[in-house]
Amino acid sequence: MDLGAIAAVFGLDEPDELRALSRRLFAMQRDGQVMRSREGDYAPVTKLDLARGSVRGHPDGHGFLVPDDGGERIYLAAKQMRALMHGDRALVRPFPRARGAGPEGVVVEVLERGRREVVGRFWRESGIGFVRPDDPRFQQDLLVPAGSQGRARSGQMVVATIVDPPTAHSPPIGRVGEVLGEHTAPGMEIDVAIRAHALPAEWPEEVRTEAARVGGDVAERDKEGRWDLRALPLVTIDGEDAKDFDDAVYCAPTEKGWRLIVAIADVAHYVRPGSALDAEARRRGTSVYFPGRVLPMLPEALSNGLCSLRPDEDRLCVACEMWIDGEGRILRSRFREALMRSHARLVYEEVAARLGTPPRGDGAGSGGPLAHLHHLHAVFELLLHARRRRGALDLDAPEVRIRMDESGEVVAVEARQRNDAHRLIEECMIAANVAAARFLSRHQRRFLYRVHEGPTTEKARELRAFLAPLGLRLGGGERPRPQDYARLVGECRTRPDADLIHTVVLRSLAQALYTPVNGGHFGLALAAYSHFTSPIRRYPDLTAHRAIKEVLSGGAPAVSAPADMHALGEHTSMTERRADEATREVEFRLKCRYMQDRVGEAHFGRVSGVTGFGLFVTLEDFHVDGLVHVSSLGADYFHHDPARHEMRGERSGRVFRLGDRIEVVVSRVDPGERKIDLEPLHPVAGSGGGRGSGRFRRRGRGRR
C-alpha cells in the first residue's frame, strides 16, 4: 500500500497527520519493520520473507547476517559484502544453499551503518592514500583523498572516519581523524583495542565532578544504623597486582556446621540511579583489564579508593551471612547493610602456602587476623564436595600472565596454575551469588540472572564426533546434563591433552549472559544464579545490590519495565563480550611481539585446531597459537576431515589430529597482522623439508 492508501485506512487527511504518518513509516523503514518499493508502496518485512539483523564480516571476504529474531545465521557471499561493512544492519532475502549448508542471503537494503570510525594502518602508494583496517572483519580498505590525510605518514596507526560507505561498485571513502603513532610503539596494542572496540576510556566532566565530591573517608553519618563488623577479622584475598578490593571473607564453626560471612563493598551507597556516575558505569558495563593497564567501570576515587576494602580503613559494605551444614548446603542466609574494617590484605600465593601448614598456636594461628583461614578452607572443601555432587563443571585451566617492564616491553609469558586459595574465594563468591539470587527471587524483585544454557543437540553431536576418536564419550543422549559433562571432564583430567579437551568442551556450551528471565546455570549446575560479589567492576552486580537494599529498607521496588531489564541484560552482556574480545586481542598482539625474537626456534605444541588450510598449534612454552599451513606439511595431498578433526595424507597416510603433540619451528611472526607461522620440524618424507624447513631446522636446533 502507498502512503495515501495507508492514510485512508486510518482516516488521516490533515497535512500534519500525513506528515506524522510519513515520519513514522520512514522510522519503521529505517528499523527494518517495513520496506518501500521503487513505486513507493510499503509492505511489512514479515510478509516478504526477509530477514533483518547485524552483519558480521569474516577475514576470508564473506560474511554472515545474524538475525534479530535469533534464527539461524545467513551466509553472505563476498559479492554481497561489497556494499557492507562489519557491524552494519541489513535486510536480506534468504534462500537455501546447496547440500544443506544453511541459508544464503541476498542483500535487499542496508538499514543502518554500524561504525563511523575504523582503526588501521595508513599507507600511501603512488600518491594514493588508504587505510587498511586493523580488524580483519573489515575487509575493505578505506580510500583517503589527498586533502583528508592530515599529518599521517605511511605505516602509522590512525583512526579514520568513514565519509562515504561502500557501494556495490566503489570502496568506502575515509578521512584521517587521529594519528596514533608508529605501530611498534609500546602501548599501541591497547590504544588500538580501545578505539577498535569503542571502549569508553575518558571520564566526562560531570563524572569527574561527582567523583571528586565523594571524599576519601567514610562519613560518620553514613556509619549510623549499620551492623558493625569492624571487630570481626574479615580479610581480602586477591592477586598481587589487584587494587580494587570488593570482597572480604570470614568463617567460624557453629554447632551444626559453619558460619560464613562474605562482605561486599557497598558501591550502591555512592553510585545512585540517575547520577552521572551511574550513567557512565552503565555505559561501560564492566572494567576492562589489560596487561599493565585498567579501564575501570568507576573512577579511581571510588574503585581504588572509597569503595575498595583496603586494610585498616572503615568501609561500607553489604554482608551476606550464611549458615552451611556438614554437607556443604546453605541452610539459611541473610543480607545486612554493614560497616567493616579489613584486617589484612592477602594474596593467593600467601594464603595457599599458609593453608599447606597446620594451624599454629601463636597469634597468627589462633588469635590473629589469619586464624580463620583454616576455617575458610574447611568450609571451602564442603562447598567443593557439594559442587561435585550436583555435577558442576570443574575446569582448572591455567591463567596466562604477560609480564612487562617499565617501558612496556614484554619480558615473559607464563602460566599460573590456580591454587586452593583461588578456589576457596571462588566457592565463597558462588555461595554468596546463589544466596543473592534466592533472596531476590523470594522477594519478587526484578534483577539480572546470570544464565548459562546447556548445549544444543547439534553442538552435543559435534562434541561426540570429536571425542569418539579419542576413546571418550559424552552421556545423556540428545540432552546431556551437567553431570554428564562433569563425568567426561573427570575422565580426561589426567590425560596429556586434557587442556585441549576442556577447551572443546567449553566451546560446545553457550556463552553465559545476563537476562531478567531465569534459565539456570548449566556450568555450575544451579537452578538460579546471579552476580552480586563484584559491584566495583560489573554493573549487573551493582543493580543486584540496589534491589537487595530496597528489600532491606522496606522500600517499594524500583519502577522498571520488563523491556528495560531485557535491554539492560543485552547491554551488559555486550559490554562483557566487548571487554573479552579486546583483552584477547591485546594479549595475542603482545605474545606476537614476544615471539618475534624467537623466529627460528623449535618448540613443542599441541594441535588446537584443524582446518582445510592447515593446523593451529598452541606452543607449550608460551601458550600462544600459530598456524602450520598445509603446504608446509610435506609432499602429499592432505585432506581435511571436519568430523574427526584431522588432516590425513593421501599417499603417506600421515594423520594430524586435534590434540596431537608436534614439534614445530617458528618461521615468521607479524604482530601487525597478528600472525605466527610455524613449520613442522619433521615434515612428511620426500617433501624436501617444506618451505625453507631445512634452514629453520638447523637454526632451531642451534638456538635450543
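The values are calculated or read from the model by the stated rules, or taken from the named source; none is laboratory data. These numbers were taken from a predicted model, which means no experiment stands behind them. Cβ: placed from backbone, ideal geometry, glycine included. Neighbour counts: every protein chain shown.
Cβ-Cβ contacts under 8 Å between residues 6 or more apart (or on different chains), taken from a first residue in the range 267-281 that is within 15 Å of L306 (Cβ to Cβ) to a second residue that is among the aromatic types (F, W, Y) and not in a helix (DSSP H, G or I), are listed as L277/Y270. Residues that are of a type in the set (S, T, Y) and assigned to a loop (DSSP other than H, G, I, E, B) occur in the range 143-160; there is at least one.
Taking residues in the range 36-59 that are over 18 Å from R73 (Cβ atoms), and partners anywhere that are crowded, with 18+ Cβ neighbours inside 10 Å and of a type outside the set (S, T, N, Q), the pairs with Cβ atoms closer than 6 Å and at least 6 places apart or on different chains are Y42/V34; A43/M35; P44/V34. On inspection, A263 fails the criterion of being in a strand (DSSP E or B), at pLDDT below 95 and farther than 25 Å from H571 by Cα.
No other residue among A160, A152 is among the aliphatic types (A, V, I, L, M) and within 27 Å of D60 (Cα to Cα) apart from A160. T618 meets the stated requirement of being farther than 30 Å from G274 by Cβ, hydroxyl-bearing (S, T, Y), in contact with an Asp or Glu (Cβ under 9 Å, 6 or more places away or on another chain) and crowded, with 16+ Cβ neighbours inside 10 Å.
Given the criteria more than 27 Å from H377 (Cβ to Cβ) and hydrophobic (A, V, I, L, M, F, W, C), does A268 qualify? Yes; evaluated as a whole, the condition is true for this residue. Please state which one of F138, F122 is crowded, with 22+ Cβ neighbours inside 10 Å, in contact (Cβ under 8 Å) with a residue 24 or more places away in the chain and farther than 10 Å from V176 by Cα. Result: F138 is the single residue among F138, F122 that is crowded, with 22+ Cβ neighbours inside 10 Å, in contact (Cβ under 8 Å) with a residue 24 or more places away in the chain and farther than 10 Å from V176 by Cα. Of the candidates D241, D164, the single residue that is among the charged types (D, E, K, R), in contact with a strand residue (DSSP E or B) (Cβ under 8 Å, 6 or more places away or on another chain) and not assigned by TED's automatic domain parsing to the domain that holds A83 is D164.
Of the residues E427, E406, the single one that is under 30 Å from E587 (Cβ atoms), among the charged types (D, E, K, R) and more than 26 Å from the chain's Cα centre (by Cα) is E406.
Looking only at residues that are in contact with a Lys or Arg (Cβ under 8 Å, 6 or more places away or on another chain) and crowded, with 18+ Cβ neighbours inside 10 Å in the range 479-498, which one is farthest from A386 (Cα to Cα)? Checking each candidate, the answer is D497. Taken over the range 495-516, the residue count meeting the criterion of being in contact (Cβ under 8 Å) with a residue 60 or more places away in the chain, of a type outside the set (D, E) and outside any loop (DSSP other than H, G, I, E, B) is 10. Residues in the range 125-132: is at least one over 23 Å from the mean Cα position of the chain (by Cα), over 21 Å from T167 (Cβ atoms), at pLDDT below 90 and in a loop (DSSP other than H, G, I, E, B)? Among the residues of the range 125-132, at least one is over 23 Å from the mean Cα position of the chain (by Cα), over 21 Å from T167 (Cβ atoms), at pLDDT below 90 and in a loop (DSSP other than H, G, I, E, B), which makes the answer yes. Among the residues making up the range 244-259, those that are surrounded by 17 or more Cβ atoms within 10 Å (Cβ to Cβ) and under 19 Å from L339 (Cβ atoms) are F245, D246, D247, A248, V249, Y250. The number of residues in the range 214-243 that are in contact with an Asp or Glu (Cβ under 9 Å, 6 or more places away or on another chain), in a loop (DSSP other than H, G, I, E, B) and crowded, with 21+ Cβ neighbours inside 10 Å comes to 0. So is G187 at pLDDT below 95, within 29 Å of E587 (Cβ to Cβ), touching an Asp or Glu at 6+ places or on another chain (Cβ under 8 Å) and of a type outside the set (V, I, T) or not? Taking the combined requirement at face value, the residue does not satisfy it. Of all residues in the range 519-568, those satisfying the criterion of being among the basic types (K, R) and in a helix (DSSP H, G or I) are R546, K549.
The rows are residues; the columns are (1) of a type in the set (K, R); (2) surrounded by 13 or more Cβ atoms within 10 Å (Cβ to Cβ); (3) at pLDDT below 85; (4) in a helix (DSSP H, G or I).
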{"site": "Q29", "(1), (2), (3), (4)": "no, yes, yes, yes"}
{"site": "G32", "(1), (2), (3), (4)": "no, yes, yes, no"}
{"site": "T46", "(1), (2), (3), (4)": "no, no, yes, yes"}
{"site": "D49", "(1), (2), (3), (4)": "no, no, yes, no"}
{"site": "R56", "(1), (2), (3), (4)": "yes, yes, no, no"}
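Filter the range 272-299 for residues that are part of a loop (DSSP other than H, G, I, E, B), on the phi < 0 side of the Ramachandran plot and within 25 Å of the chain's Cα centre (by Cα) and give the result. Listed by number, the residues that qualify are S287, P291, P296, M297, L298, P299. Here H377 meets the list (1) closer than 16 Å to I261 by Cα; (2) part of a loop (DSSP other than H, G, I, E, B); (3) at pLDDT 90 or above; (4) not hydrophobic (A, V, I, L, M, F, W, C) almost entirely, failing just condition (2). A single member of E327, E349 is in the same structural domain as K256 (by TED's automatic domain parsing), acidic (D, E), farther than 17 Å from V262 by Cβ and without any contact (Cβ under 8 Å) to a residue 60 or more places away in the chain, and it is E327. Would the range 556-576 turn up any residue that is within 30 Å of E414 (Cβ to Cβ), surrounded by fewer than 20 Cβ atoms within 10 Å (Cβ to Cβ), of a type in the set (S, T, N, Q) and under 25 Å from the mean Cα position of the chain (by Cα)? The answer is no; no qualifying residue exists. Does R82 meet the test of being outside the structural domain of F138 (by TED's automatic domain parsing), at pLDDT below 85 and more than 26 Å from the chain's Cα centre (by Cα)? No.
Close Cβ contacts (under 9 Å, 6 or more residues apart or on different chains) running from residues in the range 174-197 that are not assigned by TED's automatic domain parsing to the domain that holds V294 and part of a helix (DSSP H, G or I) to residues that are of a type in the set (S, T, Y) and surrounded by fewer than 19 Cβ atoms within 10 Å (Cβ to Cβ) comprise A193/T583.
Please verify whether A211 is touching a residue at least 60 places away in the same chain (Cβ under 8 Å), of a type in the set (A, V, I, L, M) and in a strand (DSSP E or B), treating the condition exactly as stated. No; evaluated as a whole, the condition is false for this residue.
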